[in-house]
Structure formats: C-alpha cells, structure tokens
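Values in this text are rule-based calculations from the coordinates and carry no lab data. Only a predicted model underlies this, so the values are computations on that prediction, with no experimental measurement involved. We place every Cβ from the backbone using ideal geometry, glycine too, and count neighbours over all the protein chains shown.
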Amino acid sequence: MSRVLAVGAAVVGLATVGGCVAVPGGGAIPVAATTAASTTTERRTVSPLEEPTGTVTAPTPTATPPTVTVTSIPPPSPTTTPAPKPTTTKATPKPTATPKPTPKPAPKPTATPKPPSTAPQTPVTGSTVSGCGNPNPGKVLLTFDDGGPKAGAILAVLDRYNIKARWFPTGQWANANGAMIQRLIADGQMLGNHSYSHPQMLASLGRTELARQVDQGYHPSKVFRFPYGASDATSRSIVTSRGYSICGWSIDTLDWRGNSADTITQIVTSQARPGAVVLMHLSFQTDVDALPRIIANLRGRGLI
Ligand SMILES: [Zn+2]
C-alpha cells in the first residue's frame, strides 16, 4: 500500500511537463509547461457518486515554488514532429472558439433546461478527492482533456473494455455538449474541472478572472486540472481554497504534436506503471486508434 501511494505521489509530483489544447479545425496549440505539485495532505473521502472505491490518500506535497515558468512553442506542422523549442515568451493561447465538432445543436436535457448550459450540474457537496481521484491507485488512469469530436469514439472504446477514465472538458465545451456529458455520467465515467475557457491560469490573469475560470468550469467533482498544466501560487491557492485537488499527469502522449497511434501506444506502454496518469485529448483519431492496443497491453500486465 505504501509503495503504491509513494508512486502516486511521484505521479503528481512529476505532474506537468507539456500540454496542449485542441482547437477547432483539428489543430492544436502546444505549450510546454512545468509546474511543481501543490497538493493537499489530508485524507479525503471519494465521492460514492463518482469514485466508488473508497478513499484515496493525497500525495506527499513537495515544496511549492512561488512562480512557474511557462514556455510556449509554435504549433507543429502536421507532418513533422520537431523537438519543442522553448521560447521565453509567455504565450496566452486562447482558444478563439468553443470546439464544436458537430454543427447540429446539442439536444437539451429533459430535466433542467437551464440555458445556456446543457450540461447537467451534478451536486459537488462533499465530492472531494485527492490528486486525480483514481479509484484504483495501483493501476493506470486514463484522462481525456478539453473537448473535441472524438469523445464518442473514445467512450465506445472504453465501454468495450469496461474502463472508467477521467475526463476534463472545458466549461465551454461541456455547456455546448450536454448530451455527451450526460452519456459520460450515465456511463460512470469520472469528470473534472479544466477551467471555463482554457487560459493559462497565472496571476497575470487577475484573481477575479482566475476565480471565474474555476467557478464556471465544469465541476461535477472536486478535481481540477490546469490548462497546459500551467499554474502558480496564486492560481493554485484559488483552486485549492475551493476544495479542489489538483490533477496533473505523468505520461504525456503528445497526441497534439501529431504523434501516430503507434508512437502514442509506445509512449504509454513503455512508461506505464502503477499509479500513472495518462494525458490524452478528445480531438485526435490517433488516440482512438491507439487505445485498444494500449488497453490490451496494460490489461495483460494488470495495470488497467
Ligand atoms: Zn487542456
């Protein structure tokens, strides 16, 4: 047990190097980021609604540096995968529009038609978890970020293997894709807050806007993942003061960089270990193609 927990702590500690957001049109805005973990230490009860298997112990916190360096790299060409070339500029990639994979309007939920959001607002009272809230901390947790046209295909693969992953849609995407959110919840998938519109959440954004990004994000459980993995002391305090735990990742598929399904499979299977957290997105067919192979490999090793 302690060994598992130690690994879990390492996962969050390693948390965030690199990240991205899918943008409409299939492109991606890659941003490499480095943060240190800032997590809480108390034991938290996992919500029975979202995570059925009891409690998860928070990872051991590490020292929290006062600032975080965020670097950005230019969007990749679709055919090459150049090494990221960090610059010192602090880019603020701001998705210009909510990814809307389908032109047809999202069907309204039958229960509470409360425009403009079509996503069900699950009560969050008492729904606290630690880290990423992995209900099986000895296994690998798959996570899917942002929003995009592959959500349904990804869910179909997960259902085929009876796997519960954690999804981090932006508030904007969740609001516009209520039917998909309903399906995820009905399926028993876990959800987390990934901000409202996916900015880099640093103090320069201002406390009011940082708070808005958290409060208007989609938050059916108290797990938060920073866009791009970028945070600083100010934004982390705003998130944690609202009772959220912060979820990073330990395996970055770099799907946004145009990695092939083969490469994505190789990255995940070679780095997988108990407690690992895999970062994928909802926009890429390569992830859909890689998932069955990844799952088969990990299942054969007892890791998922
Ligand atoms: Zn994201």
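Separation of the stretch 237-304 from the stretch 175-235 is 19 Å, based on Cα centroids.
Normalised by the number of residues in the stretch 159-303, the average gap of Cα pairs under 8 Å and 6 or more apart makes the relative contact order 18 percent. Relative contact order, whole percent, for the stretch 176-220 stands at 44, derived from Cα pairs under 8 Å and 6 or more residues apart. I'd like the antiparallel share, as a percent to the nearest 5, of DSSP beta bridges with both residues in the stretch 136-290. Around 0 percent antiparallel, to the nearest 5. Taking the Cα centre of the stretch 253-304 as origin and assigning +1 to Lys and Arg Cβ atoms and -1 to Asp and Glu Cβ atoms, the resulting dipole is close to 240 debye.
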